[in-house]
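The values are calculated or read from the model by the stated rules, or taken from the named source; none is laboratory data. Source: prediction; values computed, not measured. Neighbour counts run over all protein chains shown; Cβ positions are idealised from the backbone, glycine included.
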Amino acid sequence: MALVNNCETRVGKTYSFIPAWRDPMNRIKVCMSGVSGWVGKAMAPVITDSQDMELVGAVSRSYAGKSLSEITGRKGHNLMISGSIEEALRIQTDVMIDYTSADAVKSNILTAIRHGVHCVVGSSGLTDSDYEEIDAAARKNKVGVVAAGNFALSAALLLHFATVAARYMPSWEIIDYASGEKPDAPSGTARELAYRLSKVGKPHFDVAPDRIIGPRESRGATLNGNQVHSIRLPGHIIGSEVSFGKPDERLVLKYDGGSGAGPYIEGTFLAVRKVQDLVGLTRGLDMLLDL
């Protein structure tokens, strides 16, 4: 049977889609990188309970050599935790999920790609140049990568609605909220917003940020032509806001994340189930939704 690849343009790039002729009884073999983290710790038991996924690998440098049950607290979780991606991927793996840190995520993705493993990336800290390198590597190895600054469906909707609003509201700025303990700024969600809005156009400024009277830093950081203001305070968890303005009109789109990892799990699993049908990088969960 001849398989014909379909193509679709997403944010200025062409992505190849490979029809999935997989046996529906075969579960997706998943490696969870960052299994001891806030999202990973909640996600691992859900993967093991899933009807269509199987957790075959788990990575955590701080728990290397221990069993998964020491993280989940559930009996029967006897999978041994690896200290590196290289070690974990010695077992046949279809998809690697990465929820690690800014200093580890890029290396983890490129390692998985070299092994021919598809990737779903929820870690923040990647730059546009990092994404270009990842996209090139994924295409070379014919695997898919889905990366999102935030896998909550509500955050994906914010991203979509913001790009729609930017077509009609000429001026906007991004506000990025997180706890005081978050070391990277802007957050992955804010970076994704800035990248996507830059594809719509550049915001209008009555007074350009580099022409203000006063400290340049007071106008925030310029990212892809957008002004981004990162707030890091106790009491905040994570959130993103895009504030639009035009004469006598204001529009504010805001996403706030709660204290649970459930919303990120739902969106991540959606990506896990679709990434094997992609080649190259797809940025943003909204790209997988019927919007």
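Things worth noting here:
- Applying the criterion of being surrounded by fewer than 23 Cβ atoms within 10 Å (Cβ to Cβ) and hydroxyl-bearing (Ser, Thr, Tyr) to the residues of the stretch 159-197, the residue that is farthest from Gly220 (Cα to Cα) is Tyr168.
- Unique residue being more than 26 Å from Met43 (Cβ to Cβ), without any contact (Cβ under 8 Å) to a residue 24 or more places away in the chain and among the hydrophobic types (A, V, I, L, M, F, W, C) when the list is Val252, Val242, Val228: Val252
- For the stretch 83-107, a tally of residues being under 29 Å from Ile238 (Cα atoms), buried (at least 22 other Cβ atoms within 10 Å of the Cβ) and not β-branched (Val, Ile, Thr) returns 3.
- Some residue of the stretch 108-126 being closer than 28 Å to Glu241 by Cβ and exposed (fewer than 15 other Cβ atoms within 10 Å of the Cβ): no
Conditions (1) aromatic (Phe, Trp, Tyr); (2) at pLDDT below 95; (3) farther than 23 Å from Ser187 by Cβ, marked per residue:
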site: Trp38; (1), (2), (3): yes, yes, no
site: Thr48; (1), (2), (3): no, yes, yes
site: Leu55; (1), (2), (3): no, no, yes
site: Ile71; (1), (2), (3): no, yes, yes
site: Arg74; (1), (2), (3): no, yes, yes
site: Ser84; (1), (2), (3): no, no, yes
site: Val95; (1), (2), (3): no, no, yes
site: Tyr99; (1), (2), (3): yes, no, no
site: Asp103; (1), (2), (3): no, yes, no
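- Conditions (1) among the small types (Gly, Ala, Ser); (2) surrounded by fewer than 18 Cβ atoms within 10 Å (Cβ to Cβ); (3) at pLDDT 90 or above: number failed by Ser60: (2)
- Count of the stretch 185-217 residues, restricted to those that are in contact with a strand residue (DSSP E or B) (Cβ under 9 Å, 6 or more places away or on another chain) and either in contact (Cβ under 8 Å) with a residue 60 or more places away in the chain or part of a loop (DSSP other than H, G, I, E, B) (or both), is 14.
- Where a residue in the stretch 118-132 is without any contact (Cβ under 8 Å) to a residue 60 or more places away in the chain and its partner, wherever it lies, is outside any strand (DSSP E or B) and surrounded by fewer than 24 Cβ atoms within 10 Å (Cβ to Cβ), with Cβ under 8 Å and at least six apart: Asp130/Lys106
- Any hit, the stretch 41-53, residues being touching a residue at least 24 places away in the same chain (Cβ under 8 Å), assigned to a strand (DSSP E or B) and not hydrophobic (A, V, I, L, M, F, W, C): no
- Condition check for Asp130: surrounded by fewer than 17 Cβ atoms within 10 Å (Cβ to Cβ) and closer than 20 Å to Met287 by Cα: yes
- Leu251 meets the conditions (1) under 23 Å from the mean Cα position of the chain (by Cα); (2) in a strand (DSSP E or B); (3) among the aliphatic types (A, V, I, L, M) in every case but one. The failed one is (1).
- Whichever residue in the stretch 105-141 is part of a loop (DSSP other than H, G, I, E, B) and aliphatic (A, V, I, L, M) and, among such residues, is modelled with the highest pLDDT: Val117
- Residues satisfying the stated conditions in the stretch 245-264, i.e. under 22 Å from Cys119 (Cβ atoms) and crowded, with 20+ Cβ neighbours inside 10 Å: Ala261, Tyr264
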